[in-house]
Amino acid sequence: MKKLLVVAAALAAIGAQAQDYPSKPITLVVPFAAGGPTDRVARDLAEAMRKPLGGVSVVVDNAAGAGGSIGANKVAKAAPDGYTLLLHHIGMATLPTLLRNIPYKVESDFDYLGLVNDVPMTLIGRPSLPAKNFKELSTWIGQNKGKINLGNAGIGSASHLCGLMFQNAMAVDMTTVPYKGTAPAMTDLIGGQIDFMCDQTTNTTAQIEAKKVLAYAVTSPKPLTTPALKDLPTLNDSGLKGFEVSIWHGLYGPKGLPADVAAKLNAAVKVALKDPDFIKKQEALGAVVVTDKRMEPAEHKKFVAAEIAKWSPVIKAAGVYAD
Ligand code: ASP
């Protein structure tokens, strides 16, 4: 009897907590360095979710490293109370194959809270590269085999995947230089310490516009409409047939969130996705805010499972996974 009363009291306490949720700041873990593309999406989303969450702050925590698996693991192991969330990208689907030994299970260690956006990537180069377009770049790469450096956000990251696909498509091995995110990689690219990088438009648009880097192509199936990017060819049209990568970002919590906490968070994501200010900021950076059913947790989960099924054989067939 006593035991039953204790259990009932504990359940009532959780219920009361869930009803009051959120009553203190929420931590949003970004698994990459501050100032990069994932961080940028997270900070805009945090701002847009504040109002629907009753004015409670959503504070970004950059838990960077190991291609985005350190931050994801931090959230997988956090208390499922709605105060520790994760914003992650396509790495949720590609890391299990690209990195193989990750310490969490994408399908069972998280609650899915809605997909946020789709973002194409751009192939960019250091400003001092002599090649002014993709054709000249192909020639330059052919002439510089064995000397080329390619930056990325760590093994398992989106830039790693795109860079490996690029080397594979060009049939040229390049030396990959891993960073904790593409923000620090961008600093080195601008400074000429590395030659190339594949990165989301949310990080590259401003640098391309300011002519701080050279841009060669986009990874989307069609050219983009964003003013600074609209003249760039697709990699597919540039001769790398079938080359296409689209990065998406989604929101997650640790598995086991109280149902009404998860519902409040998903409702807040949906409000953010309709926020004109959020949409405007994202569009200016080449990102497309989700308007389809993937904003629903069940569809988000289905989509990630489909992405795992899509990328796993591609990564394995290309032999582009890391040991
Ligand atoms: N763009 C990075 C990646 O390649 C992630 C980041 O720095 O936000 O995965």
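The values are calculated or read from the model by the stated rules, or taken from the named source; none is laboratory data. Keep in mind that what you see is a predicted model, and the values were worked out from it rather than measured. Neighbour counts are summed over all protein chains in view; Cβ atoms, including those assigned to glycine, are modelled from backbone coordinates with ideal geometry.
Take region 14-48 and flag every residue that is of a type in the set (Val, Ile, Thr), assigned to a helix (DSSP H, G or I) and within 16 Å of the ligand (Cβ to nearest atom).
Selection gives THR38, VAL41.
So if I check each of GLN193, GLN167, which one is more than 20 Å from the chain's Cα centre (by Cα) and at pLDDT below 95? Give the derivation first.
Details: GLN193 fails: at pLDDT below 95.
The unique qualifying residue is GLN167.
Which residue out of LYS230, LYS212, LYS222 is more than 16 Å from the ligand (Cβ to nearest atom) and modelled with pLDDT of 95 or more? Break it down into steps so the answer makes sense when it comes.
Values: LYS230 fails: modelled with pLDDT of 95 or more; LYS222 fails: modelled with pLDDT of 95 or more.
Criteria check complete, one pass: LYS212.
So PHE196 passes all but one of these: (1) more than 16 Å from LEU123 (Cα to Cα); (2) among the aromatic types (Phe, Trp, Tyr); (3) buried (at least 23 other Cβ atoms within 10 Å of the Cβ). Which condition number does it fail?
If we test PHE196 against (1) more than 16 Å from LEU123 (Cα to Cα); (2) among the aromatic types (Phe, Trp, Tyr); (3) buried (at least 23 other Cβ atoms within 10 Å of the Cβ), just (1) comes out false.
Considering only residues that are of a type in the set (Gly, Ala, Ser) and farther than 16 Å from MET170 by Cα, look in region 114-146 and name the one that is surrounded by the fewest Cβ atoms within 10 Å (Cβ to Cβ).
Going through region 114-146, the residues of a type in the set (Gly, Ala, Ser) turn out to be 114, 125, 128, 131, 138, 142, 146.
Pick out the ones that are also farther than 16 Å from MET170 by Cα and you get 114, 128.
Values: GLY114: 23, SER128: 9.
Once the filter is applied, the top-ranked residue is SER128.
Is region 293-300 home to any residue that is assigned to a helix (DSSP H, G or I) and at pLDDT below 95? Write out each step before concluding.
Residues of region 293-300 that are assigned to a helix (DSSP H, G or I), as a first pass: 293-295, 297-300.
If we keep only those that are at pLDDT below 95 too, we end up with none.
No, because not a single residue in region 293-300 is assigned to a helix (DSSP H, G or I) and at pLDDT below 95.
In region 169-215, how many are under 16 Å from HIS89 (Cβ atoms), of a type in the set (Val, Ile, Thr) and in contact with a helix residue (DSSP H, G or I) (Cβ under 6 Å, 6 or more places away or on another chain)?
First pass over region 169-215, keeping only residues under 16 Å from HIS89 (Cβ atoms): 179-183, 185, 197-204.
Next cut, of a type in the set (Val, Ile, Thr) only: 182, 201-202, 204.
Subsequent filtering for residues that are in contact with a helix residue (DSSP H, G or I) (Cβ under 6 Å, 6 or more places away or on another chain) retains 182, 202.
Final tally of qualifying residues: 2.
Assess whether MET186 counts as being among the hydrophobic types (A, V, I, L, M, F, W, C), outside any loop (DSSP other than H, G, I, E, B) and either more than 21 Å from ASP231 (Cα to Cα) or more than 12 Å from the ligand (Cβ to nearest atom) (or both). Write out each step before concluding.
On the way: among the hydrophobic types (A, V, I, L, M, F, W, C): yes; outside any loop (DSSP other than H, G, I, E, B): yes; either more than 21 Å from ASP231 (Cα to Cα) or more than 12 Å from the ligand (Cβ to nearest atom) (or both): yes.
Here the answer is yes, as MET186 does meet what is asked.
Could you tell me whether region 215-227 includes any residue that is surrounded by fewer than 16 Cβ atoms within 10 Å (Cβ to Cβ), of a type in the set (Lys, Arg), in a loop (DSSP other than H, G, I, E, B) and free of Cβ contacts under 8 Å to residues at least 12 places away in the same chain?
no
What's the total number of residues in region 181-224 that are in contact with a Lys or Arg (Cβ under 6 Å, 6 or more places away or on another chain), closer than 14 Å to LEU285 by Cα and among the acidic types (Asp, Glu)?
Within region 181-224, residues that are in contact with a Lys or Arg (Cβ under 6 Å, 6 or more places away or on another chain), closer than 14 Å to LEU285 by Cα and among the acidic types (Asp, Glu) number 0.
Could you tell me whether VAL172 is out of contact with any Ser or Thr (no Cβ under 6 Å at 6 or more places or on another chain) and in a strand (DSSP E or B)? Show your work before the answer.
On the way: out of contact with any Ser or Thr (no Cβ under 6 Å at 6 or more places or on another chain): yes; in a strand (DSSP E or B): no.
No; evaluated as a whole, the condition is false for this residue.
Testing PHE243 on (1) touching a helix residue (DSSP H, G or I) at 6+ places or on another chain (Cβ under 6 Å); (2) within 16 Å of the ligand (Cβ to nearest atom); (3) not in a helix (DSSP H, G or I), one condition comes back false. Which one is that?
(2)
Applying the selection to region 253-279, what residues are surrounded by fewer than 18 Cβ atoms within 10 Å (Cβ to Cβ) and either among the basic types (Lys, Arg) or within 12 Å of GLU47 (Cα to Cα) (or both)?
LYS255, LYS270, VAL271, LYS274, ASP277
Among MET174, MET170, which is the only one that is touching a residue at least 60 places away in the same chain (Cβ under 8 Å) and away from the ligand (no atom under 12 Å from the Cβ)? It would help to see each step written out before you state the result.
Values: MET174 fails: touching a residue at least 60 places away in the same chain (Cβ under 8 Å).
Just a single option satisfies the conditions, and that option is MET170.
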